[in-house]
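Data first, discussion second: the structure below is written as structure tokens.
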């Protein structure tokens, strides 16, 4: 039996419904300061799959193991980050979801500073 983990959808910044196989473009967040915490949610697996937990990854590193289909990751460095999720039950862990790219930016350097009379 094939298990499908739905694509992650951001709660804080909605990416919209993404059909399976859709090319992900991602979103951009200009943070006032770093670190910044991003909240995620995804569609729960079918109850018949008896999922006991999910694993949320940021750039391939585990950042949370929620038991519900929602979690958060803290971004400490500006730039492009990729988020994925997998589901676990008593028989094992699913493959990772499709990646969700997300760019966190900080304001650029201010130019043209000068003294006014």
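Residues of the range 50-65 that are outside any strand (DSSP E or B) and crowded, with 19+ Cβ neighbours inside 10 Å: 51 alone.
In the range 89-96, the condition of being more than 13 Å from residue 57 (Cβ to Cβ), surrounded by 14 or more Cβ atoms within 10 Å (Cβ to Cβ) and either modelled with pLDDT of 90 or more or touching a helix residue (DSSP H, G or I) at 6+ places or on another chain (Cβ under 9 Å) (or both) is met by at least one residue.
Can you name the residue in the range 28-55 that is touching a strand residue (DSSP E or B) at 6+ places or on another chain (Cβ under 7 Å) and without any contact (Cβ under 8 Å) to a residue 40 or more places away in the chain and, of all such residues, is farthest from residue 97 (Cα to Cα)? Among those that are touching a strand residue (DSSP E or B) at 6+ places or on another chain (Cβ under 7 Å) and without any contact (Cβ under 8 Å) to a residue 40 or more places away in the chain, it is 37.
The residues on offer are 88, 68, 84, and the sole one that is under 22 Å from residue 29 (Cα atoms), within 21 Å of the chain's Cα centre (by Cα) and either assigned to a loop (DSSP other than H, G, I, E, B) or touching a residue at least 12 places away in the same chain (Cβ under 8 Å) (or both) is 84.
Screening residue 74 against (1) within 15 Å of residue 34 (Cβ to Cβ); (2) not in a strand (DSSP E or B) leaves a single unmet condition, (2).
Considering every residue within the range 3-15, establish whether at least one is in contact with a helix residue (DSSP H, G or I) (Cβ under 9 Å, 6 or more places away or on another chain), farther than 19 Å from residue 105 by Cβ and modelled with pLDDT under 80. Outline the logic, then answer.
Filtering the range 3-15 for residues in contact with a helix residue (DSSP H, G or I) (Cβ under 9 Å, 6 or more places away or on another chain) gives 3.
Cutting the leftovers down to farther than 19 Å from residue 105 by Cβ gives us 3.
From what is left, the residues that are modelled with pLDDT under 80 are 3.
Yes: one or more hits.
The values are calculated or read from the model by the stated rules, or taken from the named source; none is laboratory data. Here the structure is a predicted model, which means the values were calculated and not measured. Positions of Cβ are backbone-derived with ideal geometry, glycine not excepted, and every protein chain shown enters the neighbour counts.
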